[in-house]
Amino acid sequence: MSNRPTKFMRETLTIKTSHVLPPDTNHHGTLFGGKLMAYIDDTASIAATKFARNPIVTASTDSVDFIKPIRVGDAVTLEAMVTYTGRSSMEVFVKITSERLLTGEKAIAALSFLTFVAIDENGRPVEVPIVVPETDQEKWLNETAKRRAEHRKMRKRESEELAQFFSE
């Protein structure tokens with residue numbers, strides 16, 4: 001059994017809401033994907049830092065699955081929380097919802113998983129607490145994280161092989 005400290009997932013919950021304005025959108029009147037990705041990284045990094053209470057770096061963005069367009073005039077809300085921890089790494093889940101402000105209609109617009117690593121002042125990885133899920137949703141996210149971690153490792157190996165191929 002580990003003597004590492006523990007923290008509840010709920011302690012990392014980070015919520016950001018923004019109004020989608022015309023400069024944030026493309027010629028279709030929907031939020032730029034890159035703008036949403038910046039919001040995702042920002043919100044997820046806050047959740048990871050709250051958890052680690054150390055500087056963090058983004059190790060990977062597993063996916064950003066765009067499910068429904070976010071339109072000009074909508075509110076976009078991002079909810080991020082640490083769902084799984086390794087020794088120094090943290091998986092962060094981000095749920096993105098859109099809300100038609102004039103009608104109150106809400107929908108899940110995107111989902112994303114990212115991985116962060118806690119570092120010390122010299123940039124070396126440092127140990128993080130163990131995350132503890134409480135609700136059924138949190139338990140599911142935590143229990144399925146090992147499968148996502150295996151995919152992440154496989155994808156990283158493939159990326160390293162590809163980088164080697166193109167550096168020759």
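All of the numbers you see were taken from the coordinates with simple rules; none came from a lab. Only a predicted model underlies this, so the values are computations on that prediction, with no experimental measurement involved. Here the Cβ positions follow ideal geometry from the backbone for every residue, glycine too, while neighbour counts run over all protein chains shown.
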The chain: angle of helix 145-167 to the longest principal axis, Cα-based, in degrees nearest 10 = 90 degrees
ask   = When Glu160, Glu138, Glu91 are ordered from fewest to most other Cβ atoms inside 10 Å of their Cβ, what list results?
value = Glu160, Glu138, Glu91
task = Compute the label zone of Lys106 within the stretch 55-73: residues whose backbone N is under 20 Å from the point 7 Å along Cα-to-Cβ.
result = 65-73
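To the nearest 20 Debye, how big is the dipole of the chain about its Cα centre, given +1 on the beta carbon of each Lys and Arg and -1 on that of each Asp and Glu? Numbers along the way, then the final one.
On the way: 23 positive and 23 negative charges, 49 e Å.
For this selection, approximately 240 debye.
Compute the length gained on full extension between Glu158 and Leu13: take 0.36 nm times their separation in residues and subtract their Cα-Cα distance, giving the result in nm to one decimal.
On the way: separation 145, 0.36 × 145 = 52.20 nm, distance 3.22 nm.
Length gained, Glu158 through Leu13: 49.0 nm.
Local charge sum around Leu162 (other residues, Cβ-Cβ under 14 Å, Lys/Arg +1, Asp/Glu -1)? Intermediate values should be presented prior to the final figure.
Values: positive: Arg155, Lys156, Arg157; negative: Glu158, Glu160, Glu161, Glu168.
Spelling it out: positives minus negatives among the neighbours equals -1.
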ask   = Taking a threshold of 22 Å on the Cα-Cα distance, which of the pairs Lys35/Lys156; Lys7/Lys146; Lys7/Lys50; Lys16/Lys146; Lys35/Lys146 fall above it?
value = Lys35/Lys156; Lys16/Lys146; Lys35/Lys146
ask   = Computed over the Cα atoms, what is the radius of gyration of the stretch 9-107 divided by 2.2 N^0.38 Å, N being its residue count?
value = 1.14
request  = State the Cα centre-to-centre distance between the stretch 46-76 and the stretch 97-147 in whole Å.
outcome  = 8 Å
message = Suppose only helical runs count, i.e. DSSP H with n ≥ 4. What mean residue ellipticity at 222 nm does that imply for the chain under -39500 (n - 2.57) per run, divided by all residues and rounded to the nearest 500 deg cm²/dmol?
response = -10000 deg cm²/dmol
remark   = Taking the chain, the whole-percent share of alpha-carbon pairs separated by over 24 angstrom is 41 percent
message = If you take every DSSP beta bridge fully contained in the chain, what fraction is antiparallel? Give it as a percent rounded to 5.
response = 95 percent
